[in-house]
Amino acid sequence: MTNEQYDRWKDFAIRMATACYAAARRPSGAWILGVVEEWFDLFDLDDIPTILDWDNSTVYPEGHPCRRRESQLSYCDCAGYRFTNNTPNPECPECNGHGTHYALIEGPLIGDMMSEFLEGYYPGVGECSVCLGDDDEGECFCDTKDIMAYDQWCDQWGGPVCCCVRAGLDLACSPSMGVIRVTAGDIRRMYPEGVPEWVAPPDERFTYWRTGKPNGLFMDLPDEAAMVL
């Protein structure tokens, strides 16, 4: 992800929270917008170069202050040399001919970051990732009821936040087809000054969520057409 893509991601997510959830209740539109804004306020800009999409990241680039190796030794294929020669390359810059090296760390996964972020808003206490509670001995006391309650909270309260952030990332960086039912009208309300081409390329046919097939150019879609982003 580039800095320009990050700016587009943030802009789209905040516009979506503002325009698409203005009339929402439980959670309110104001709550959704506030949480989306906090997500970006807390986001570490150093991670921008590692982001590929919602579920994938890569290593920090050469010269980046966060670029370092993991503590666990990893197998080195010496850029394919070992596959053809059955021996490490003595001139390999990664392992220096030893055949193992410390793998470079990768940036965090946005999907995992979002899960941890939303847990902080769940009205519970403690450390359990399901019920966020523990007893006096530090043991989780969650049960099926607690799991269902947490899942319901995530769908109702966390879902809109996740949709805004994920849709923005999909369009600004790399599509993952992770957000459905956003309508063409929603997109037009988000950009009253005109939908930019990076959101709706003039020659791209958008997928209609009910059929899963390309439905038409954005300019030809009616406002009620639900899209897959």
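The values are calculated or read from the model by the stated rules, or taken from the named source; none is laboratory data. Remember, predicted model here, so these are calculated numbers, not experimental data. Methodologically, a virtual Cβ is constructed for each residue, glycine included, from the backbone with ideal geometry; neighbour enumeration extends over all protein chains shown.
A few points about this structure:
- Given (1) in contact (Cβ under 8 Å) with a residue 24 or more places away in the chain; (2) in the same structural domain as V165 (by TED's automatic domain parsing), number of the condition S74 does not satisfy: (2)
- Test: residue in the stretch 14-21 that is at pLDDT below 95 and exposed (fewer than 13 other Cβ atoms within 10 Å of the Cβ): no
- Residue ID - surrounded by the most Cβ atoms within 10 Å (Cβ to Cβ), chosen from residues in the stretch 185-200 that are part of a loop (DSSP other than H, G, I, E, B) and among the acidic types (D, E): E197
- Subset of the stretch 1-30 [among the aliphatic types (A, V, I, L, M) and in contact (Cβ under 8 Å) with a residue 40 or more places away in the chain]: M1, A13, I14, M16, A17, A19, A24
- Hits in the stretch 10-43 - residues which are in contact with a Gly (Cβ under 6 Å, 6 or more places away or on another chain) and part of a helix (DSSP H, G or I): F12, A13
- Residue under evaluation G63, criteria (1) without any contact (Cβ under 8 Å) to a residue 24 or more places away in the chain; (2) outside any loop (DSSP other than H, G, I, E, B), criterion not met: (2)
- Qualifying residue in the stretch 203-215 (condition: at pLDDT below 70, not assigned by TED's automatic domain parsing to the domain that holds T18 and not in a strand (DSSP E or B)): no
- Residues in the stretch 108-124 that are in a loop (DSSP other than H, G, I, E, B) and more than 12 Å from the chain's Cα centre (by Cα): G120, Y121, Y122, P123, G124.
- Against the list (1) more than 23 Å from V195 (Cβ to Cβ); (2) in contact (Cβ under 8 Å) with a residue 60 or more places away in the chain; (3) of a type in the set (D, E, K, R), the condition R82 fails is (2).
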